[in-house]
Amino acid sequence: MVRTRHLIAAAALLLALPGCASEPQPKRSNNVAQPQYASPLGSTAPATSGPPVDGGTYDSPLLLVDALRKGGIDCTGYSAIAQPRGAVARGNCHVNGDEYTVGIYASASDARAQPAMEAELLKGVAPVDLVLGRNWTVGCPDQQACQAVASVLGGEVFHEDA
């Protein structure tokens, strides 16, 4: 009986500690999800920090551009694209002379459809390199650039040869 009370007290204490809940709880800052990463049960290591694995969500291409800048990727000269096909909003910016395309979608399924649409459109013409977040994409000049974007924003790197 005493052992059961100790186990219940220990379980309650673990659940009350930050980062020990069964599921990470996202924090919101500038409309960008920043989840807290829980340490493995029994570990005394501090929680790791970094971008959300799924890339989180953004409300506008300019917020994506700002997040890139804060992460050390200075995407300048943003220009909106009028009537973006498949996206709520899309625009271009430049990093060291290379063009990046940032897009925001109405839903995760719309964002997930973008890589296949681009791959079909550019088949035999050019490779497709982009980073896919929960409701956004960033088109990059190459895989290395997309890896850098993913290290800042999170998300999944997509590549398809021409």
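Here are the numbers for the structure shown:
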item	result
Complete set of residues in region 90-137 that are over 19 Å from A80 (Cα atoms) and of a type in the set (K, R)	R112, K123, R134
So R112, is it touching a helix residue (DSSP H, G or I) at 6+ places or on another chain (Cβ under 7 Å), more than 17 Å from G71 (Cα to Cα) and either part of a helix (DSSP H, G or I) or among the basic types (K, R) (or both)	no
Hey, A162 of a type outside the set (D, E), in contact with a Phe, Trp or Tyr (Cβ under 9 Å, 6 or more places away or on another chain) and over 18 Å from D54 (Cβ atoms) or not	no
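Since every read-out is calculated from the coordinates, none of them should be taken as a lab result. This structure is a prediction, so every number in the text was calculated from the model and none was measured. Every residue, glycine as well, gets a Cβ built from its backbone with ideal geometry; the counts of neighbours run over all protein chains shown.
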